[in-house]
Amino acid sequence: MIIVFKPGIPRKKESAVLKEIRKLGYTPHVMRGVARTVVGAIGDELTHANLETLTAQFPDAVESVMPIQKRFKLVSREAHPANSTVRVREHVLGGKRFHVMAGPCSVESEKQLLTTAKAVKAAGATILRGGAFKPRTSPYEFQGLGEKGLKLLDKARRETGLAVITELLSENHAGMVAEYTDIIQIGARNSQNFQLLIAAAKTGKPILLKRGLSMKIEEWLLAGEYVLANENPNLLFCERGIRTFETYTRNTLDLAAIPIVKHESHCPVVIDPSQGAGRADLVATMCKGAVAMGADALLVEVHPNPVEAWSDGAQQLSLEAFAKLMKDLKPFIAAVGRE
Ligand code: PEP
Ligand code: MN
């Protein structure tokens, strides 16, 4: 940590702060500038008290305390300068090939899921999405089919050859969900549920980590750090919109997160324009933007009959709209040098 002293403080006060730094288990290195004195405190923050309290403890002497290094390590570009790739069955995400994950918000029935799966595959998607456990804002809304939904996803996987992604809501279900899915989705409402992240990481399955509704990018990267720190290198960051004051869209899809996360981290970035905009009419445009800005994959909600969907009807694309989107995306994918 870097400790910045206030200007002109007496040496006696400085010494008291330095003594406290040593007491907390750090070695202080004092650097005297013309106007300011700063201290580099070297030590292991995992096993020692955080020095941030020095500002409260010595309000007359300490102006600020800042970390020397970034707080995330394993997800950072410094740890792994090249882009990392995530293998999902025969597919490689984060590589030359651009991937599209598509399917209904919720698994509702065998017919609904299989019809969608076949259509999205024919249009060029490689991964089937579908929620079996649904994190609904109200307890009176459809909560998902649970294990029955997982079994339907598994059936769709066997019949179409598509890989599958589905959300994990509870640590108790980690083993069960891992049995039926190829990627575990951690939803926006759970992206800082650290015990859930650890349980998901420990299944060994690739993890798609949504950005939380009010999560800063640094917090999102740190949440991802939990996955890598638990010996699971297969992490995908998924931007799905953050909550702002804007009401034209359900969320504000933060496309700037693509170049920022790509700069800070080596992990692939996925964009979910469906939760991001909450409006089917905006999905195609947001997808084109995401491809152009360097996203590695998309996660798109598709339903055979969106108006009758049991969840998120307003944002799901029809099968026809999805097929058109896949065609329209081709020149954008080629323009960024991908397939
Ligand atoms: C979803 O993908 O249907 C979903 C619930 O996503 P999020 O967690 O981003 O809201
Ligand atoms: Mn949804």
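Observations on the structure shown:
- Residue that is under 30 Å from Y226 (Cβ atoms) and out of contact with any helix residue (DSSP H, G or I) (no Cβ under 6 Å at 6 or more places or on another chain), where the choices are M31, M66, M1: M66
- Qualifying residues in segment 267-298 (those that are β-branched (V, I, T) and surrounded by 20 or more Cβ atoms within 10 Å (Cβ to Cβ)) - the one nearest to ligand 2 (Cβ to nearest atom): V283
- Residue selected from segment 103-126 under the condition without any contact (Cβ under 8 Å) to a residue 60 or more places away in the chain and within 21 Å of E339 (Cβ to Cβ), by the criterion farthest from ligand 1 (Cβ to nearest atom): K121
- Selection of segment 302-331 for residues being charged (D, E, K, R) and either out of contact with any strand residue (DSSP E or B) (no Cβ under 7 Å at 6 or more places or on another chain) or at pLDDT below 95 (or both) yields E308, E320, K324, K327, D328, K330.
- The set of residues in segment 193-208 that are in contact with a helix residue (DSSP H, G or I) (Cβ under 6 Å, 6 or more places away or on another chain) and either within 16 Å of ligand 2 (Cβ to nearest atom) or among the basic types (K, R) (or both) contains only K205.
- Single residue of R22, R11, R87, R36 found to be in contact with a strand residue (DSSP E or B) (Cβ under 9 Å, 6 or more places away or on another chain), open to solvent by 80 Å² or more (accessible area, probe 1.4 Å) and without any contact (Cβ under 8 Å) to a residue 24 or more places away in the chain: R22
- Among the residues of segment 21-77, those identified as among the β-branched types (V, I, T) and assigned to a strand (DSSP E or B) are T27, V30, T37, V38, V39, I42, V62, V65.
- Within the option set V4, V75, being more than 24 Å from C267 (Cα to Cα) and touching a residue at least 40 places away in the same chain (Cβ under 8 Å) holds for one residue only, V4.
- Hey, L169 touching a Pro at 6+ places or on another chain (Cβ under 9 Å) and open to solvent by 30 Å² or more (accessible area, probe 1.4 Å) or not: yes
- Exclusive hit being among the acidic types (D, E), closer than 28 Å to G278 by Cα and open to solvent by 50 Å² or more (accessible area, probe 1.4 Å), set E78, E110: E110
- Lone unmet requirement of (1) surrounded by fewer than 24 Cβ atoms within 10 Å (Cβ to Cβ); (2) within 16 Å of ligand 2 (Cβ to nearest atom) for E301: (1)
The values are calculated or read from the model by the stated rules, or taken from the named source; none is laboratory data. On a predicted model such as this, the values are computed, not experimentally measured, just so you know. When we count neighbours, we look across all protein chains shown, and the Cβ atoms used for this are built from the backbone with ideal geometry, even at glycine. These area figures cover heavy atoms from the full protein model, side chains too; ligands, DNA and RNA do not enter into them. Shrake-Rupley method; radii C 1.70, N 1.55, O 1.52, S 1.80 Å.
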